[in-house]
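First the structure, in the form of structure tokens, and then the observations on it.
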Amino acid sequence: MSLKKTISFFLPDWENNQKHPFISGGIKAGFPSPAADFDESKISLDNVLVKNREATFYAKASGNSMIGAGIDDDDIMVIDRSLEPRDGKIAICFVDGEFTVKRIKIKKDGIYLMPENSAFEPIKVTENNELIIWGIVTYVIKSV
């Protein structure tokens, strides 16, 4: 198996826990309400996106094998290592010495790592493969 790019990993910066303006009522796609100017609180994305500080890290996605799951090239994924890998979850996997992000599919004949792009083939994990599930993707941060 040859993966063209690698995943870049980052840890949350708990020392620089900045809070940014947050409109909690949601943004309507119609006409704005004048009251919305006053409905502002502060939010720390690390505090919202990270449930388990000791087990969470970030990674930048590389490639387009997961576009059907909403994970595009250069998106930032929030990964929690404390969550159990289960059927249907999107996971950061270390397969035969390389990292990849795929959806876990458990079938009677084995475990598959499923891409979310028909241009890519599923990876069937056999006894000949080394597989380590590094964590479960809990959020994806996108750029526009």
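If the cut-off is a Cα-Cα distance under 19 Å, which aspartates and glutamates reach residue 105, setting aside same-chain residues fewer than 8 apart in sequence?
80, 84, 87, 96, 116, 121, 127, 130
Between residue 54 and residue 94, what's the calculated FRET efficiency when r is the beta-carbon distance and R0 is 25 Å? Round to 0.05.
0.80
Assuming a ≥ b ≥ c are the square roots of the Cα gyration tensor eigenvalues, decide whether the range 52-144 counts as rounded (a/c under 1.5), prolate (otherwise, with a/b larger than b/c) or oblate.
Verdict is oblate for the range 52-144.
Work out how much length residue 64 to residue 144 would gain on full extension: take 0.36 nm times their residue separation and subtract the Cα-Cα distance, in nm to one decimal.
Here the segment from residue 64 to residue 144 would lengthen by 27.2 nm.
Work out how much length residue 82 to residue 121 would gain on full extension: take 0.36 nm times their residue separation and subtract the Cα-Cα distance, in nm to one decimal.
Going from the current span to full extension adds 11.2 nm.
Let me check something: with ligands and nucleic acids excluded, how do 103, 53 order by accessible area (1.4 Å probe), largest to smallest?
Order by accessible area, largest first: 53, 103.
The values are calculated or read from the model by the stated rules, or taken from the named source; none is laboratory data. All values derive from a computational prediction rather than experimental measurement. Ideal geometry is used to build each Cβ from the backbone, glycine not excepted, and the neighbour counts take in all protein chains shown. These area figures cover heavy atoms from the full protein model, side chains too; ligands, DNA and RNA do not enter into them. Shrake-Rupley method; radii C 1.70, N 1.55, O 1.52, S 1.80 Å.
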